[in-house]
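Chemist: Structure below; questions to follow.
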Amino acid sequence: MANETIFKRARVDADGPLADLRVRDGAFVSVGPDAGPAEGAAEVDLAGAAVLPAFIESHIHLDKAFLEERRPNLSGTLADAIDITRELKKSVSKEDIRERSERALRLLIRHGTTRLRAQVEVDPIVGLAGMEATLELREACAGLADIQIAVFPQEGIEQQPGTEDLMREAMRMGGDVVGGVPYNDLNAERHLDIVFAMAAEFGCGVDLHLDFSDDPGDDRIESVARRTIEAGLQGRVAVGHLTSLGAMEGGKAARIIETIAGAGIAVMPLPATDLFLGGRGDAPPRFRSFTRVRELIGAGVNVAIASNNIRNAFTPSGRGDLLEIGLLLAHVAHMSGAADRPLIPPLFTHNAAKALGMEESYGIAPGCPADFVVLDSRDWNDIIIDQPEKRYIVRRGKIVLENRRESVWRD
Ligand SMILES: [Zn+2]
């Protein structure tokens, strides 16, 4: 049977025995200590290598990847990131967006990500070129990755007249969720009015860039939580950044975290961006702009981490590698200790799947699509500090990419 493979001796969790993963027609049919006789199935011996389900970039801007090559952000401020990108956007074509988006997507896949939510900019400057390019890419690369699209008004809605109609058109073209950025518009509450009304119109979720500052007074999340409950969208609203939560005093932060948990809102810290753009205004001791990850997790909030950007005015670094983002988080959130490290892989696997509404067709379990990553690491608990090579990227039961990292001693 050419369509059946057994991946033998996989380390699928920290403590359990090694498992054989039997895959048929692209889906897991059994996961357990002994898959039984091969009976014609192909066999791949993983020899105890750690395995994670497909990595998920829950928040990524493919359309503005690699723009640093054209103009870097020398001040490192959010205002300059927005201004530089708006200027560059005036001269991009659909073909240009498509080329850079595919370059970024292939980099993500190379590092194990085969599911993602792309934030696609829609406004009178770029029009629907980003949507057209991303829809083309989604179709062309359907065999390699599942792409959700958040229709994203980076320039604001009211302050760029015409954006609302373009967003509606983008939703009709194939957008999955309505995006928003209330901090960059004439009036944040009216911005949220439009975003939540559009989500109701299309029967979809909401994905916001929110409270992205070092100001402890930025607590727009309370309005978002209220709106989420009123709209019955618990479990279908995500917010990226939320750095102002990190600047608040403890009592206020605790109240807000409870509100977030009660509204079922997913929080997506974006450490490579937050640490680059935030905390620029302080005299020493400097505030490192970042949300309260440990407290959010402790309160039961669904937390997912992502790259956000790859090499542009918002984030000059980035290799599309979620293990690297996980290590950055480990350091900045005091999570590199032995007891905390196992908490990190779920932030870009199962938690991200839940935030994107994919959890029912996700994971290393019978019935799920066989999408997974085989790592050159034997200790599941140390995946984040090992930073292992992603040996095999498996999509629907087929190895679509093999990576090797070799050192040759010549002493
Ligand atoms: Zn973003």
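The values are calculated or read from the model by the stated rules, or taken from the named source; none is laboratory data. Remember, predicted model here, so these are calculated numbers, not experimental data. We place every Cβ from the backbone using ideal geometry, glycine too, and count neighbours over all the protein chains shown. Heavy atoms of the whole protein, side chains included, go into the accessibility calculation; ligands, DNA and RNA do not. Shrake-Rupley method; radii C 1.70, N 1.55, O 1.52, S 1.80 Å.
Chemist: Being within 19 Å of P269 (Cβ to Cβ) and of a type outside the set (A, V, I, L, M, F, W, C) is the filter here, so list the residues in region 206-227 that pass it.
Modeler: D207, H209, D211, S213, D214, D215, P216, D218, D219, R220, E222
Chemist: Answer yes if at least one residue in region 311-329 is of a type in the set (D, E) and not in a loop (DSSP other than H, G, I, E, B), and no otherwise.
Modeler: Yes, region 311-329 contains at least one residue that is of a type in the set (D, E) and not in a loop (DSSP other than H, G, I, E, B).
Chemist: Of the numbered conditions (1) within 15 Å of S58 (Cα to Cα); (2) in contact (Cβ under 8 Å) with a residue 60 or more places away in the chain; (3) of a type in the set (A, V, I, L, M, F, W, C), F287 fails exactly one; give the number of that condition.
Modeler: All conditions are met except number (1).
Chemist: What number goes with the only condition from (1) closer than 21 Å to P124 by Cβ; (2) within 16 Å of the ligand (Cβ to nearest atom) that F66 does not pass?
Modeler: (1)
Chemist: Identify, please: which residue in region 292-310 is in a loop (DSSP other than H, G, I, E, B) and away from the ligand (no atom under 14 Å from the Cβ) and is, among those, surrounded by the fewest Cβ atoms within 10 Å (Cβ to Cβ)?
Modeler: Across region 292-310, the extreme among qualifying residues is G300.
Chemist: Follow-up question, since we're still on this one. Any residue in region 279-288 that is touching a Gly at 6+ places or on another chain (Cβ under 7 Å), within 16 Å of the ligand (Cβ to nearest atom) and assigned by TED's automatic domain parsing to the domain that holds A118? Give the derivation first.
Modeler: Residues of region 279-288 that are touching a Gly at 6+ places or on another chain (Cβ under 7 Å), as a first pass: 280, 286-288.
Pick out the ones that are also within 16 Å of the ligand (Cβ to nearest atom) and you get none.
There is no residue in region 279-288 that is touching a Gly at 6+ places or on another chain (Cβ under 7 Å), within 16 Å of the ligand (Cβ to nearest atom) and assigned by TED's automatic domain parsing to the domain that holds A118.
Chemist: Of the residues that make up region 331-341, is at least one within 23 Å of A150 (Cβ to Cβ), of a type outside the set (G, A, S) and open to solvent by less than 30 Å² (accessible area, probe 1.4 Å)?
Modeler: No, region 331-341 has no match at all.
Chemist: Could you say whether any residue in region 182-203 is more than 23 Å from the chain's Cα centre (by Cα) and hydroxyl-bearing (S, T, Y)?
Modeler: Among the residues of region 182-203, not one is more than 23 Å from the chain's Cα centre (by Cα) and hydroxyl-bearing (S, T, Y), which makes the answer no.
For every residue, the table says whether it meets (1) closer than 23 Å to L62 by Cβ; (2) in contact (Cβ under 8 Å) with a residue 60 or more places away in the chain.
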site	(1), (2)
E249	no, no
K252	no, no
T273	yes, no
G281	no, yes
M335	no, no
A338	no, no
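Chemist: Pick out the one residue from R311, R288, R220, R227 that is at pLDDT below 95, in contact with a helix residue (DSSP H, G or I) (Cβ under 8 Å, 6 or more places away or on another chain) and basic (K, R).
Modeler: Criteria check complete, one pass: R288.
Chemist: Sticking with this structure for a sec: Count, please, the residues in region 246-270 that happen to be touching a Phe, Trp or Tyr at 6+ places or on another chain (Cβ under 9 Å) and farther than 20 Å from G179 by Cβ.
Modeler: So the count comes out to 2.
Chemist: What are the residues in region 334-368 that are of a type outside the set (A, V, I, L, M), in a loop (DSSP other than H, G, I, E, B) and closer than 21 Å to L233 by Cβ, if any?
Modeler: G357, Y362
Chemist: Do any helices (runs of 4 or more DSSP H) lying entirely in region 200-271 carry at least 1 residues that are open to solvent by 60 Å² or more (accessible area, probe 1.4 Å), and which ones are they? Write out each step before concluding.
Modeler: Working: elements: 221-230, 244-247, 250-263.
Answer list for region 200-271: 221-230, 250-263.
Chemist: Could you count how many residues in region 1-59 are open to solvent by 30 Å² or more (accessible area, probe 1.4 Å), part of a loop (DSSP other than H, G, I, E, B) and under 22 Å from T114 (Cα atoms)?
Modeler: Of the residues in region 1-59, 4 are open to solvent by 30 Å² or more (accessible area, probe 1.4 Å), part of a loop (DSSP other than H, G, I, E, B) and under 22 Å from T114 (Cα atoms).
Chemist: Now for a different question. Can you spot a residue in region 115-126 that is assigned to a helix (DSSP H, G or I), under 24 Å from D165 (Cβ atoms) and at pLDDT 95 or above?
Modeler: First, the residues of region 115-126 that are assigned to a helix (DSSP H, G or I): none.
Checked region 115-126: no residue is assigned to a helix (DSSP H, G or I), under 24 Å from D165 (Cβ atoms) and at pLDDT 95 or above.
Chemist: If we scan region 319-332, do we find a residue that is on the phi < 0 side of the Ramachandran plot and touching a strand residue (DSSP E or B) at 6+ places or on another chain (Cβ under 6 Å)?
Modeler: Yes, region 319-332 contains at least one residue that is on the phi < 0 side of the Ramachandran plot and touching a strand residue (DSSP E or B) at 6+ places or on another chain (Cβ under 6 Å).
Chemist: Turning to a different aspect of this structure: Does T114 meet the test of being under 23 Å from I325 (Cβ atoms) and away from the ligand (no atom under 15 Å from the Cβ)? If you could, list the steps in order and put the result at the bottom.
Modeler: Working: under 23 Å from I325 (Cβ atoms): yes; away from the ligand (no atom under 15 Å from the Cβ): yes.
Yes; evaluated as a whole, the condition is true for this residue.
Chemist: Run down R172, R138 and say which single residue is over 17 Å from R86 (Cα atoms) and touching a residue at least 24 places away in the same chain (Cβ under 8 Å).
Modeler: Numbers: R172 fails: touching a residue at least 24 places away in the same chain (Cβ under 8 Å).
Exactly one of R172, R138 is over 17 Å from R86 (Cα atoms) and touching a residue at least 24 places away in the same chain (Cβ under 8 Å), namely R138.
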